[in-house]
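To start, the structure under review is shown below, and the notes come after it.
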Amino acid sequence: MDLRKIPLFDMMARRLAWLGQRQQVLATNIANADTPEYKPRDVKPLDFAVMARGQMGPLQPTVTNPKHLVSATARPETAGKQKSKDPVETTISGNAVTLEEELMKANQNATDYELTTNLYRKHLAMFREALRSNN
Amino acid sequence: MDLTKAMEVSASGMYAQGKRVRVIAENIANADSTAEKPGGDPYRRQVITFKALLDRATGVEKVGVRDIKRDQVTQFGERYEPAHPAADANGYVKTANVNAIVEMADMREAQRSYEANLNLIGMSKNMIQKAIDLLR
């Protein structure tokens, strides 16, 4: 049984990967909290709608005639780095990292990670429950 | 894996802040270092600057020390002590341009940044642990 073929598990696995990447970006921000001219970054938010669409594949018109054109399937874009919006404050040296804000984000990230791993475990437990012999 | 890379980045931050504390310690230790002869300069305080550097092996942006320079802006102090070997004709000795309060404030900042990086390592480690716990 390939769990990645089940949309929910695939989504959770991707979310874990995204959270891991975000953790790395936030770590870079905090490590550079005293670097002149450094602007904090964040990753693009993971869009549930995009993920769901990626699961189902983009909607395609049915081809009933060989002369019909088939559109190139647009894959959902992966998470890319971008500058965070509205830095709270910029120091004289041009550094825009606020330790509190970054730590809050990192904490949120860790909590989300825990939530996702717990969800993963719960769903697996549900599967096991269904597989257990009934005696 | 992204989480181990995150830990590496945080470790580079801790290393850089450690260097900063070392420079501050040198400044404070030399706060009373004067010249040997009249006309010479006493200890000049050092300033450390950081820069973001791309680690090509792992593709992550770490932090490193740009350089450690002497502070040419802050003026030396003067103290009246005619018996001192470095005293000039009027009996004044040039003292180092180290201000204990500035150094202390700088050190606290380095300490906070160090702690933030350390916390983040703990956080990343916890996340890895959570992922491993999925096996259980």
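Looking at region B:47-84, which trypsin sites (Lys or Arg not before Pro) are DSSP coil and have at most 16 other C-beta atoms within 10 Å of their C-beta?
Of the trypsin sites (Lys or Arg not before Pro), the ones in loops of region B:47-84 whose Cβ has at most 16 other Cβ atoms within 10 Å are B:56.
Calculated FRET efficiency, residue B:71 and residue A:42, Cβ-Cβ r, R0 35 Å, to nearest 0.05?
The formula returns an efficiency of 0.50 here.
Over the Cα atoms of chain B, what is the Rg over Rh ratio if Rh follows Kirkwood?
With Rg and the Kirkwood Rh in hand, the quotient comes to 1.22.
How tilted is helix B:100-133 with respect to the longest principal axis of chain B? Cα atoms for both, answer in degrees (0 to 90, nearest 10).
10
Please state the Cα pair-distance histogram of the protein assembly as shown with 10 angstrom bins from zero: what percent is in each bin?
6, 21, 22, 17, 13, 9, 5, 3, 2, 1, 0
Calculate the FRET efficiency for residue A:5 and residue A:122 from the Cβ-Cβ distance with a Förster distance of 25 Å, rounded to the nearest 0.05.
0.85
At R0 = 45 Å, how high is the FRET efficiency between residue B:119 and residue A:131 if r is their beta carbon distance? Nearest 0.05 is fine.
After rounding to 0.05, the efficiency reads 0.65.
Take the residue pairs A:83/B:5; A:122/B:125; A:105/B:69; B:69/B:125; A:5/A:105; A:44/B:19 and return only those whose Cα atoms are more than 27 Å apart.
Long pairs (Cα-Cα over 27 Å): A:105/B:69; B:69/B:125; A:5/A:105; A:44/B:19.
How far apart, in nm, are the 7 Å Cα→Cβ label points at residue B:112 and residue B:79?
3.1
Values quoted throughout were computed directly from the atomic coordinates according to the rules given, and no laboratory measurement underlies them. Computed from a predicted model, the values in this text were never measured in an experiment. Cβ coordinates were reconstructed from backbone atoms using ideal geometry, including for glycine residues, and neighbour counts include every protein chain displayed.
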